[in-house]
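One structure is given here, and the rest of the page talks about it.
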Amino acid sequence: MENNMNIPENKPERKKVIFSGIQPTSGAFTLGNYLGAVKNWGLLQDEYNCAYCIVNQHAITVRQDPKELKSNTLSAYALMLACGIDPKKSIAFIQSHVSTHAELAWVLNCYTQFGELSRMTQFKDINAGLFTYPSLMAADILLYQTDLVPVGIDQKQHLELSRDIAVRFNGLYGNTFRIPDAYIPKTSAKIMSLADPTKKMSKSDENVKATVFLLDSKDSIIKKFKSAVTDSEMEVVYREGKDGINNLMSIYSAITKKSYEEIQREFEGKGYGDFKTAVGETVAEELRPIREEYDRLMADKAYLESCYRDGAQKARTISQRTLDKVYKKIGFLPASL
């Protein structure tokens with residue numbers, strides 16, 4: 001007997017959504033930003049639906065010079081693309097271009113406890129924006145029904161608050177937000193200061209020798225690594241108590257994909273000078289195509305503008321669906337009756 005049942009074809013599995021953002025501060029991205037996060041962003045584009053954002057609304061929680069902020073925002077956007085973000089594969093946009101972020105942040109402020117925000121900051125003299133920025137961060141993430149957020153171990157607290165807010169809202173109004181999980185890349189590296197390897201590399205470090213920026217020249221990069229703090233020993237080996245060498249080995253390993261054992265064998269019998277020079281030259285060569293692509297993009301402002309406008313339109317379309325759902329849930333009248 002003929003089988004007339006309509007058997008549905010196997011539907012392709014939904015791609016999970018990844019969201020991440022970076023601030024447009026002066027100097028743009030550091031080597032730590034790149035190896036710890038941004039380098040992985042480009043690698044995720046084929047496997048996930050990715051949204052990457054220059055979070056310039058977060059930047060104004062501390063006072064900014066308007067001209068510098070504008071310049072830094074465009075520079076950071078160009079550098080994000082130069083690092084491998086393809087605006088045809090991912091949504092690459094600027095936060096202030098998508099009004100839904102600020103709109104949802106206000107709603108989430110009203111569902112976030114004062115005590116929760118107090119635990120997120122250790123500053124004494126802060127403005128309201130800095131105090132409530134975790135709500136804006138939650139809005140950034142939840143607007144896109146995000147599944148995964150690339151975070152370092154030291155950033156998990158911020159994601160936990162976003163999850164708490166989403167769970168609380170869903171508990172009150174029914175399923176509204178997808179609950180995001182942390183995505184910790186297997187290949188990420190925690191990069192420490194070259195001047196003080198017990199603390200993270202930071203773009204705000206006053207010591208110019210401490211931080212490598214992606215747009216540093218080759219000579220500057222090699223010079224910084226040659227002056228990197230190590231120890232009084234002369235053995236290139238990864239072990240406790242050798243913070244400076246451990247940091248350099250982590251950087252070298254992240255770029256060359258060599259294990260610590262392979263690195264140890266490569267530099268066996270050689271001094272720290274040879275090792276530091278090799279790391280500097282390797283980093284400089286890794287960053288060379290990024291600097292070249294950045295220069296090319298910055299010379300074509302019309303293309304950059306077309307990319308961030310298109311990215312904003314895509315982001316606005318997707319995020320508006322979530323905001324409309326939220327507004328309906330909490331009882332806001334629709335704009336058109």
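The values are calculated or read from the model by the stated rules, or taken from the named source; none is laboratory data. For clarity, every value in this text was computed on a predicted model and none was experimentally measured. Reconstructed Cβ throughout: ideal geometry from the backbone, glycine too, with neighbour counts over all protein chains shown. Surface areas here come from the heavy atoms of the whole protein model, side chains and all, with no ligands, DNA or RNA. Shrake-Rupley method; radii C 1.70, N 1.55, O 1.52, S 1.80 Å.
Structure notes:
- For first residues located in the range 87-98 and closer than 9 Å to residue 307 by Cα, partners that are assigned to a loop (DSSP other than H, G, I, E, B) and open to solvent by less than 30 Å² (accessible area, probe 1.4 Å) and lie 6+ apart or on another chain with Cβ distances below 6 Å form the pairs 92/85.
- In summary, helices (runs of 4 or more DSSP H) completely within the range 223-299 and bearing 3 or more residues that are touching a residue at least 40 places away in the same chain (Cβ under 8 Å) occur at 243-256, 272-298.
- Any hit, the range 151-168, residues being modelled with pLDDT of 95 or more, over 20 Å from the mean Cα position of the chain (by Cα), open to solvent by less than 30 Å² (accessible area, probe 1.4 Å) and within 28 Å of residue 330 (Cβ to Cβ): yes
- Failed item, numbered, when residue 107 is tested on (1) in contact (Cβ under 8 Å) with a residue 24 or more places away in the chain; (2) closer than 30 Å to residue 286 by Cα: (2)
- Subset of the range 169-203 (residues that are in a loop (DSSP other than H, G, I, E, B), out of contact with any Ser or Thr (no Cβ under 6 Å at 6 or more places or on another chain) and either within 30 Å of residue 332 (Cα to Cα) or among the hydrophobic types (A, V, I, L, M, F, W, C) (or both)): 174, 175, 176, 177, 178, 179, 184, 191, 194, 195
- Any hit, the range 55-73, residues being closer than 25 Å to residue 180 by Cα, open to solvent by 50 Å² or more (accessible area, probe 1.4 Å) and of a type in the set (D, E, K, R): no
- Just one residue in the set 316, 321 is part of a helix (DSSP H, G or I), touching a residue at least 24 places away in the same chain (Cβ under 8 Å) and not aliphatic (A, V, I, L, M); that residue is 316.
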